[in-house]
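Structure, as structure tokens:
Computed from the coordinates by the stated procedures, all read-outs in this text should not be read as laboratory data. Since we're looking at a predicted model, the values are computed, not measured. Here the Cβ positions follow ideal geometry from the backbone for every residue, glycine too, while neighbour counts run over all protein chains shown.
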Amino acid sequence: MSFFSSLKSRFVKAGLNKIFLSLLFIIAIILNLSQTVDTTSKEHIDKAFNRALIAFGIAKTLNGVISVAQGTEIAIQPAGIGVNLTPGQILDPVNDLIERFSWVMLASTTSLGIQKVFLSMSNWPAFSYTLLFFIITALIFLFVKKRNYYHFRIFILRSALFLIVLRFAVPLTGLASEAVYHVFLEKEYVTSTRELEFTADKIGQLNQDEQITQPNIKKKSVWESAKELYNSTSEMLDINRKVEKYKQAAAETTNSIVSLIVVFIFQTVIIPLIFIFFVYSLFKYILRLEFK
């Protein structure tokens, strides 16, 4: 009784495998001919590329206003002694971080560009026709079990599965990457880019408010010296307020840039690496498959 149950189970399993592979091959033919997945994936990759360019442009704008702030000097005369201060130098670590961010954006845009090239390669007509040939042949051999064709049958079936994985790995990576972005990363990206734009405007306004004055070292009366000392004290208080604003801008910029780095590394590096590992695992699984 157990023998017949085992035999029945094997026949049922073999039948289900044939049905599953048949559906997989038919779906692959439809997707390959319609190219819907390719078009949608290309649109998503283009959107991600544009987001990267926008973030990179904002960072370069911020780099420009920070450079201006670093080079702006404020001249004051406490107790009649000329002193030049550069409060914008407090933003120097932020400028270094922006340079690092530029490297990340270069890597991200390069990754997206490579994905676009691979997408074009997977959609190449010669490759698509080759895939169709192998899939149609595999559908025929899926139901042919003559011993004379056994090894050739295994080769065709495995080749068809390999080509399906290669054909749709890049488009599916693009779709998965965009799905992850919309679910988990979009809010972070929008918030961070807005904060960077706001910070760039704020630093630019601080740069416009700076007044460069030259110290006057001619001999003055006691009253004039006292008056200048009072003015210098007011200027020092104003400089302290500006320094606090620069510190706040530095903190906001650092948080936003780190958030954007996380967004783009996750979308353009982590997810493709996960799919590469997934494809590698599929290849190993296909090599172990036994077609009965």
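Assign one of three labels to the stretch 94-165, namely rounded, prolate or oblate, based on the Cα gyration tensor with a ≥ b ≥ c the square roots of its eigenvalues; rounded applies when a/c is under 1.5, prolate when it is not and a/b is larger than b/c, and oblate otherwise.
Judged from the Cα gyration tensor, the stretch 94-165 comes out prolate (a/c at least 1.5, a/b above b/c).
Sort the following peptides by mean Cβ neighbour count (other Cβ atoms within 10 Å, averaged over residues), highest first: 112-123, 131-142, 157-168.
Most protected by this proxy first, the peptides run 157-168, 131-142, 112-123.
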